[in-house]
Amino acid sequence: MPVWALQDAKAKFSQLVRRAQSEGPQTISVRGEPAVVMLSVETYRRLQPNRRSFVEIVRSGPDTQLDLHREQTTVRDIEW
């Protein structure tokens, strides 16, 4: 994986982006130590797990006819 010094990455940002898209991940170092990796969106999405939304998870459960009606009455009397 190519390594770019932070100063070079800033000076040649457009080139860095193009290379991340065409050649794959690009490492950016700070003071000689790897700090971050630039990825194309395609690579990033491929690395992400397939996450379902909360609504999808609930809907895929055994009881898809779930009645979520909330009772509007108070649970207990409140003294003022």
Inset, instruction - Determine whether Arg52 is surrounded by 10 or more Cβ atoms within 10 Å (Cβ to Cβ) and free of Cβ contacts under 8 Å to residues at least 12 places away in the same chain. - result: yes
Inset, instruction - Of the numbered conditions (1) more than 30 Å from Trp4 (Cα to Cα); (2) loosely packed, with under 12 Cβ neighbours inside 10 Å; (3) over 16 Å from the mean Cα position of the chain (by Cα); (4) not acidic (Asp, Glu), Pro34 fails exactly one; give the number of that condition. - result: (1)
Inset, instruction - Could you list, in sequence order, all residues of the range 38-49 that are of a type in the set (A, V, I, L, M) and surrounded by 14 or more Cβ atoms within 10 Å (Cβ to Cβ)? - result: Met38, Leu39
Legend entry - Scope the range 11-31; condition among the polar types (S, T, N, Q), surrounded by 12 or more Cβ atoms within 10 Å (Cβ to Cβ) and over 15 Å from Met1 (Cβ atoms); matching residues: Gln15
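Bear in mind that the values in this text are calculations on the coordinates, not laboratory data. As the structure is a prediction and not an experimental result, all values here were calculated from the model. Don't worry about glycine lacking a Cβ; one is built from the backbone with ideal geometry, like all the others, and counts go over all protein chains shown.
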